[in-house]
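Read the figures in this text as sums done on the coordinates, not as results from a lab. Here the structure is a predicted model, which is why all the values come from computation and not from measurement. When we count neighbours, we look across all protein chains shown, and the Cβ atoms used for this are built from the backbone with ideal geometry, even at glycine.
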Amino acid sequence: MTEDSGFALSRPWRRILLHRDVLAGLLFIAVAGLGLWLSRDYPVGTALRMGTGYMPRLLCWILLALGALISARGFRDPGGSTGESPIGREALWPVLLVFVALVVFGLALERLGLVVAVLLLVAIGALAGRTLRLAETVLAAAFLVTLAWAVFIAGLGLTIPVWPEW
Amino acid sequence: MELLSNLALGFSVALTPWNMLFAFIGAMVGTLIGVLPGIGPIATIAMLLPLTFHLEPTAGLIMLAGIFYGAQYGGSTSAILINLPGETSSVVTTIDGHQMALQGRAGAALAAAALASFFAGCVSTALIATFAPPLARLGQSFGSPEYFSLMVLGLIAAVVLAHGSVIKAVAMIVLGLLLGLVGTDGNTGGQRFTFGLNDLADGLDVATLAIGLFGISEIMANLAQRESSRDVVAKKITRLWPTADDFRRGWPAVLRGTGLGAVLGVLPGGGATLSSFAAYALEKRVSNRPEMFGRGAIEGVAAPEAANNAGAQSSFIPMLTLGIPGNPVMALMIGALMIHGIQPGPQIMTERPQMFWGMVASMWVGNLMLVIINLPLIGFWVQLLKVPYRFLYLAILLFCGIGVYTVSNSPAAVVIAAVFGLLGFVFQRLNCEPAPLILGFVLGPLMEENLRRALRVSGGDPMIFLNRPISLGLLITAAILLLIVALPAIRSTREQAFQE
């Protein structure tokens, strides 16, 4: 759903494709399609003796139908769209950075320890904000490292390594 | 008097220093996140859920409950002082509350909100104590067909009461049901949607999902907008006590708000947010000076604040008595029970009376603490509001990350939460509410279990759901609800109601 809003589509098509309902419907269809593809080999069984795939495939078909219905309603509703992308391009950057910050944090926590993981999270996360001020961020990082250590290691005794383990 | 002895038991549990400490922590944390815009009770409770593993279950539940109703108190503070709701349930409080603050009556508005919340909290605690035992007895006569039908009704009611498009809410529920299937199939042992990953073999965790959909996506949404400047009405709050005229106008509004909130909170899909919107609409309609609404009418503060607290607390009734969550917070509470190996359902009250009544009594204790936390300490919370968001979101992001990690001590959970954060952000932009998804996710496995059990009892005959009177009644109610939404005439009034 993060498609580039600068696509060279003619005006009416853009209006339709960027309609929230159309996009939401397409998203549901995509998820249902993925689910159907993933569950293609699950044994289905019968209603009485349901196999592993019975419920998943049933729900995927329902979701597919609902998605189609939602996007169809979006197509027929010309007034609902302003022609503007529901997710503007300028919004992408902070959103992706928050995502990356969390993923890096998760992957670093066990290998590099709490301190490095928190520093990485703050560094990447701070880039997501619009008003980056270096001195403030350094201060915030120091504060958060101390806070995380005090609450989670000293206070709650979680078994997360504090420093990198070589 | 069974009720009195039950309450005596409850207070003997709630008033132990240990449990009072956790009621206080819950109330404090609840007020904190209530005051701060950008983090809500769902994400907070999800983050703290793994920590309750180290606590005794009663103390853990008391703390989590305190966070939920504490947030209803704190939400009004930022709504009144900076015109920015701390919680979605305080959105309507901004309308008249901030106007009052601009007119130099911030103190009166804050006091009205806190006192209304306290009154509503006391009343709904009494309601829980009165109505929970008979409801639990009714629940104990339920078999798996009744439970299945009850959950169908619950999901449909959640759709009907959801904001916005009904069909999108249905799709979100189905998506939640699908996500609930991830993991090992309990009946056949087959793997579903695990991508061959060990981390997914036990299924997704409700806390991970909730932190992603409600915590992380909220950070993303806030950063995607321009940072709005916050003008704290920092003029000294001199007069905390409302005037005699405020009391005269506020009282009936508080009573109406409490009643409405208590009723709406019990309904699935109801709870604090719906209650506050409905209460505001009701006040505007019955008022003899509707032109004052939006210009600082005290009723517009007192009624929704009473309603959101009443709704927050009465939504515990179906969760505690039937094991059915009506909103995402209750879904997480059920998760907390399960962490301790407690099967949610009507037997909780008979098997663990200390826990049940201790929690009910702690709500009253917690509400009393909240008045003290909120009124005399208001200056502290005002200072807190001056912390800029560019610091806050880093702290929230960090606590989300560590919270998710501790759910299962696995880095994979953090990555999964990040993915759901992204998904939640997209849903938000496409006007899809995430609450029905969480309900579907929690109820899905329970429904499948009861469906299979019922069909095994009946030898595969689906008529079992229609042959048993209670089950039939529940299904008919569900069908009527669906019909009501489908009828265009009623649909337009419903949209009107949400517009207000």
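Going from the residue with the fewest nearby Cβ atoms within 10 Å to the one with the most, B:Leu21, B:Leu474 rank B:Leu21, B:Leu474.
In square nanometres and to one decimal, what's the mean projected area of the convex hull around the Cα atoms of chain B?
Working: hull surface 93.1 nm².
The directionally averaged projection comes out at 23.3 nm².
Apply 1/(1 + (r/R0)^6) to the Cβ-Cβ distance of A:Ala65 and B:Val419, taking R0 = 25 Å, and write down the FRET efficiency to the nearest 0.05.
Working: r = 25 Å, r/R0 = 1.01.
Taking R0 as 25 Å, the efficiency between A:Ala65 and B:Val419 is 0.50.
Using 0.36 nm per residue of separation minus the Cα-Cα distance, give me the extension gain between B:Asn431 and B:Ser5 in nm, one decimal. Display every interim value, and only then the final one.
Details: separation 426, 0.36 × 426 = 153.36 nm, distance 4.84 nm.
Separation in residues times 0.36 nm, less the Cα-Cα distance, equals 148.5 nm.
Are there any chymotrypsin sites (Phe, Trp or Tyr not before Pro) in segment B:28-79 that are in a DSSP loop and have at most 14 other Cβ atoms within 10 Å? List them by number. Before the final figure, lay out each step's value.
Values: sites: B:Phe53, B:Phe68, B:Tyr69, B:Tyr73; in loops: none.
Passing both the DSSP loop test and the Cβ count: no residue.
Listed from fewest to most Cβ neighbours within 10 Å, the set B:Phe131, A:Phe105 follows the order B:Phe131, A:Phe105.
Hand me the trypsin sites (Lys or Arg not before Pro) from segment B:364-429 located in a DSSP loop with no more than 14 other Cβ atoms within 10 Å, in residue order please. Mind dumping the intermediate values first?
Working: sites: B:Lys386, B:Arg390, B:Arg429; in loops: B:Lys386.
Sparse-neighbourhood loop trypsin sites (Lys or Arg not before Pro): B:Lys386.
Taking chain B as the reference, fit the longest principal axis to its C-alpha atoms, fit the long axis of helix B:435-458 to the helix C-alpha atoms, and give the angle between the two in degrees, 0 to 90, nearest 10. The helix B:435-458 is inclined about 30 degrees to chain B. With N counted as the residues of segment A:89-155, its alpha-carbon radius of gyration over 2.2 N^0.38 Å works out to 1.16.
Could you size up the charge dipole of the protein assembly as shown around its Cα centre, putting +1 on the beta carbon of Lys and Arg and -1 on that of Asp and Glu, and report it in debye to the nearest 20? Could the numbers behind the result be given before it?
Details: 39 positive and 35 negative charges, 228 e Å.
Around 1100 debye, computed over the protein assembly as shown.
Between helix B:328-339 and chain B there is an angle of about 60 degrees, using the helix long axis and the longest principal axis of the Cα atoms. The mean count of C-beta atoms from other chains within 10 Å of the C-beta of residues in B:166-173, rounded to a whole number, is 6.
Potential lengthening of the chain between A:Leu34 and A:Arg130 amounts to 31.0 nm, from the contour at 0.36 nm per residue minus the alpha-carbon distance.
Give the residue list of GluC sites (Glu not before Pro) in segment B:132-228 that are DSSP loop and have at most 14 other beta-carbon atoms within 10 angstrom. Mind showing how you got there, number by number?
Numbers: sites: B:Glu146, B:Glu218, B:Glu227; in loops: B:Glu227.
Counting only loop positions with at most 14 other Cβ atoms within 10 Å, the GluC sites (Glu not before Pro) in segment B:132-228 are B:Glu227.
From its DSSP helices (H runs of at least four residues, each -39,500 (n - 2.57)), the protein assembly as shown gives a residue-normalised ellipticity at 222 nm of -23500 deg cm²/dmol.
So for segment B:1-113, considering every pair of alpha-carbon atoms, how many percent are separated by more than 22 Å? Tail fraction, whole percent: 44.
Length gain on complete extension for the stretch B:Trp251 to B:Leu138, per 0.36 nm per residue less the alpha carbon to alpha carbon distance? Intermediate values should be presented prior to the final figure.
Values: separation 113, 0.36 × 113 = 40.68 nm, distance 3.50 nm.
Contour length minus Cα-Cα distance gives 37.2 nm.
Per-residue Cβ neighbour counts within 10 Å put B:Phe22, B:Phe195 in the sequence B:Phe195, B:Phe22, beginning with the fewest. Derived from the Cα gyration tensor, the three semi-axes of the equivalent ellipsoid of segment B:361-456 are 35, 24, 15 Å, largest first. Under the criterion of Cα pairs below 8 Å and six or more residues apart, the relative contact order for chain B equals 28 percent. Each principal axis of the Cα atoms in the protein assembly as shown has its own extent, and those three values, largest first, are 70, 65, 57 angstrom.
Over segment B:258-317, what is the mean sequence separation of C-alpha contacts under 8 Å (at least six apart), divided by residue count, expressed as relative contact order in percent?
RCO, segment B:258-317: 57 percent.
Summing Lys, Arg as +1 and Asp, Glu as -1, what charge do residues with Cβ under 13 Å from the Cβ of A:Phe28 carry, A:Phe28 excluded?
On the way: positive: A:Arg20, A:Arg73, B:Lys168; negative: A:Asp21.
Result for the neighbourhood of A:Phe28: +2.
For segment B:303-412, the pair-distance distribution built from all alpha carbon pairs, in bins 5 Å wide starting at 0, is 2, 9, 12, 16, 14, 18, 16, 9, 3, 0 percent.
Any idea what the relative contact order of segment A:89-155 is, in percent, if you count C-alpha pairs under 8 Å spaced at least 6 apart?
On the way: 45 pairs, mean separation 21.5, N = 67.
The normalised contact order for segment A:89-155 reaches 32 percent.
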